[in-house]
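The values are calculated or read from the model by the stated rules, or taken from the named source; none is laboratory data. The model shown is predicted, which means the values in this text are computed figures rather than measured ones. Positions of Cβ are backbone-derived with ideal geometry, glycine not excepted, and every protein chain shown enters the neighbour counts. Heads up: the accessible areas ignore ligands, DNA and RNA and are worked out on the full protein's heavy atoms, side chains in. Shrake-Rupley method; radii C 1.70, N 1.55, O 1.52, S 1.80 Å.
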Amino acid sequence: MCGIVGYTGPKEAYPIIIKGLKRLEYRGYDSTGVALLNHGLKVYKKKGRVADLEHEIMGKDLHANIGIGHTRWATHGEPSDKNAHPHTSASGKLAMIHNGIIENYALIKKDLVSKGYRFTSETDTEVLLNFIEDIRTKNKCDLEEATRIALKRITGAYCILLIDEDDPETIIAARKGSPLVIGVGKGEHFLGSDASPMLEYTKEVVYVNDYELAIVKPDQLILKNLGNEKITPYVTKLDMDLAAIEKGGYEHFMLKEIFEQPSTILDCLRGRLDAGKGTITMSGVDDNIQHFRDAQRIIMVACGTSWHAALLAEYLFEELCRIPVEVEYASEFRYRNPIINKGDIIIAISQSGETADTLVAIEKAKEQGAIIFGVVNVVGSSIARISDGGAYTHAGPEIGVASTKAFTGQLAVLMMMALKIGKEKGTLSEKRYTELILELDAIPEKVQALLKSAEKVKAIAEKYQHAGDALYLGRGFNFPIALEGALKLKEISYIHAEGYPAAEMKHGPIALVTEQLPVVFVATKDSYYEKIISNIQEIKARKGKVIAVITEGDEIIPTLADDVFYIPPADEVIAPMLSVIPMQLLSYYVGIAKGVDVDKPRNLAKSVTVE
Ligand code: M6R
């Protein structure tokens, strides 16, 4: 988490940095700060959003051709002005911003305090900065060397940008575990946690790898490893345009991203699924087809919404490929001593490709010989790069903190994979394969049709905005969708919500049911339909309020439920890609009715690069 931006070149640095920070605010928005170098170091920082800082420093002398900026998601130290980045060193000459956590900062701090250093913040960043300064003074070396020495002695994760009053053209940058992209312009360089701050200036970028350090000047980019050996920067071309990261007339990114789903799903299927020919082409799967065919077990690792996609994939792979699947929270998996057998495949699912828990989990599994397959949205991200093979979800930049279009993209990829592998293995009949291919092909159009009822969802959302709690229930393929619906409601509306398999109700949660409790059922026409009707009746018998997502043409559930959302008919394997849409809209509209900043809900950040 935390967003970082840097610029060195002939242009005014401040407007580039502030605009870049606004684009990176999805990564954290507890405080903002910039450091500019122009005949001395100027640091401006403040608790709150980028716009608050921008407003406060309007009219000040912000002229500079080099600078760094930071938007924070607090880890060490509460959100406050003093804990905001950039931090300055004891001499006042160095300024640094940091995304990550220095785990052994307390010991280093103790040592520095004994040498007379005083700290103005509670952050681990200020400790690392003074550690670097102390090494530079003691060893009489340059800043680059001092940074390298310090980084070899710390544990944890970092992406740092560092500027020095005495070297007013250079930014020193380094990363381990937190992302860093360097944009290469003509006589100028841009730095960012992702490529969004540099999109209008250059399409040529270098993705910096872990344990690499960059010395960045307007007309020079030197990349080295921590052993001081030079590395040739690998310049890649960005395949992203500005429109993709703008709201395009929508009030919020979340709404834009929900409404983009017909086209993002189509983009994901395009070039892969050919319904006419009955083929699915996925080079990442083709390259590993023997591994998938022979796999005794697949382990899916992910967090949050991506974990819900993994859970659905368990149902899919078991049903269509007859491969046993285990679904793991990456944060648990990485700290266990998991048993990994030869030939096990780990599928890592992540929108950002930077989630620290997922990244470390697959690094560990890789060390133990597992084959890593990444299902990732952000091209060139860390998880994509360490995977042995993979498939991008092609959902485009997802900026709203709540994941929506990335989730349906994940489902589309996982469905294609399950169909392809099932066919290869012969666990799926030709007839069923063809049926499901046609069903999947029809999804973008069905999502488009479904979105037409957004206004109806809005009216229902307004009715339930004052609820204190909510339950989300589903069975079979719709159970992961119930979990996803509950997560969306929690993060966007702050209403306590829990998801359960509908049949689990009677083992405890049914005690919660009162006249005030909304219970959302994902109850589309599938093999569990009769059973879930009984579950709805159990809730109604206790006077709970039932909101149900049902299939068009259903004549029974509307007579039982208080409110219903319809989805077009679809095969039960594919239907979750439709049934999740009303869930996304419901949470969005409840959040709006409650006045929540839905794109940046409290305490959250889009990309969780700390454990
Ligand atoms: O980028 P990832 O998919 O790895 O992120 C995982 C979770 O942090 C993410 O899905 C989170 O739960 C979202 N806020 C959900 O809307």
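Conditions tested, residue by residue: (1) within 17 Å of Arg385 (Cβ to Cβ); (2) at pLDDT below 95.
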residue: Val206; (1), (2): yes, no
residue: Glu212; (1), (2): yes, no
residue: Lys217; (1), (2): no, no
residue: Ile222; (1), (2): no, no
residue: Thr232; (1), (2): yes, no
residue: Asp239; (1), (2): yes, yes
Legend entry - Residue count for the range 357-379, restricted to those that are more than 14 Å from the ligand (Cβ to nearest atom) and open to solvent by less than 10 Å² (accessible area, probe 1.4 Å): 4
Inset, instruction - Could you figure out which of (1) surrounded by fewer than 17 Cβ atoms within 10 Å (Cβ to Cβ); (2) assigned by TED's automatic domain parsing to the domain that holds Ile539 isn't true of Gly476? - result: (1)
Legend entry - Any chance Thr559 is more than 16 Å from the ligand (Cβ to nearest atom), at pLDDT 95 or above and among the β-branched types (Val, Ile, Thr): yes
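Suppose the filter is outside the structural domain of Asn99 (by TED's automatic domain parsing) and in contact with an Asp or Glu (Cβ under 9 Å, 6 or more places away or on another chain); does Glu354 pass it? Before the answer, list the steps.
Values: outside the structural domain of Asn99 (by TED's automatic domain parsing): yes; in contact with an Asp or Glu (Cβ under 9 Å, 6 or more places away or on another chain): yes.
Here the answer is yes, as Glu354 does meet what is asked.
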Inset, instruction - State which residue is surrounded by the most Cβ atoms within 10 Å (Cβ to Cβ) when the search covers only the range 590-611 and only residues that are within 16 Å of the ligand (Cβ to nearest atom) and within 23 Å of Lys452 (Cβ to Cβ). - result: Val590
Inset, instruction - For residues that are open to solvent by 10 Å² or more (accessible area, probe 1.4 Å) and part of a helix (DSSP H, G or I), tally how many sit in the range 19-46. - result: 5
Inset, instruction - Could you tell me whether any residue of the range 47-57 is open to solvent by 10 Å² or more (accessible area, probe 1.4 Å), of a type outside the set (D, E, K, R), outside any loop (DSSP other than H, G, I, E, B) and under 23 Å from Arg118 (Cα atoms)? - result: no
Inset, instruction - Quickly run through the range 58-98 and pick out the residues that are more than 14 Å from Tyr14 (Cβ to Cβ) and open to solvent by 50 Å² or more (accessible area, probe 1.4 Å). - result: Trp73, Thr75, Glu78, Asp81, Lys82, Thr88, Ala90, Ser91, Lys93
Legend entry - Residues (in a loop (DSSP other than H, G, I, E, B) and β-branched (Val, Ile, Thr)) located in the range 367-426: Val378, Val379, Thr393, Ile399, Val401, Thr404
Inset, instruction - Only residues in the range 579-594 that are in the same structural domain as Asn478 (by TED's automatic domain parsing) and in contact (Cβ under 8 Å) with a residue 60 or more places away in the chain count as the first member; pair them with residues that are open to solvent by 10 Å² or more (accessible area, probe 1.4 Å) and among the acidic types (Asp, Glu), Cβ under 6 angstrom, at least 6 apart or cross-chain, and list the lot. - result: Ala593/Glu462
Inset, instruction - Looking at (1) open to solvent by 50 Å² or more (accessible area, probe 1.4 Å); (2) touching a Leu at 6+ places or on another chain (Cβ under 9 Å); (3) under 30 Å from Lys506 (Cα atoms); (4) not polar (S, T, N, Q), find the lone condition where Lys423 falls short. - result: (3)
Inset, instruction - Considering every residue within the range 537-549, establish whether at least one is open to solvent by less than 60 Å² (accessible area, probe 1.4 Å) and farther than 18 Å from Pro501 by Cα. - result: no
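Do you know which of the residues in the range 552-565 that are out of contact with any strand residue (DSSP E or B) (no Cβ under 6 Å at 6 or more places or on another chain) and closer than 12 Å to Thr524 by Cβ is most open to solvent (accessible area, probe 1.4 Å)?
Restricting to residues being out of contact with any strand residue (DSSP E or B) (no Cβ under 6 Å at 6 or more places or on another chain) and closer than 12 Å to Thr524 by Cβ, the top hit is Gly553.
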Legend entry - Residues of the range 213-234 classified as open to solvent by 20 Å² or more (accessible area, probe 1.4 Å) and in a strand (DSSP E or B), total: 8
Legend entry - Checking Gly389 against (1) away from the ligand (no atom under 14 Å from the Cβ); (2) surrounded by 21 or more Cβ atoms within 10 Å (Cβ to Cβ); (3) not β-branched (Val, Ile, Thr), the condition it does not meet: (2)
Inset, instruction - Report whether or not Ala302 is in contact (Cβ under 8 Å) with a residue 24 or more places away in the chain and either within 16 Å of the ligand (Cβ to nearest atom) or out of contact with any Ser or Thr (no Cβ under 6 Å at 6 or more places or on another chain) (or both). - result: yes
Inset, instruction - Give the residue that is surrounded by the most Cβ atoms within 10 Å (Cβ to Cβ), with candidates limited to residues of the range 339-356 that are within 16 Å of the ligand (Cβ to nearest atom) and assigned to a strand (DSSP E or B). - result: Ser350
Legend entry - Filter result (outside any loop (DSSP other than H, G, I, E, B) and within 16 Å of the ligand (Cβ to nearest atom)) within the range 317-338: Val327, Glu328, Tyr329, Ala330, Ser331, Glu332, Phe333
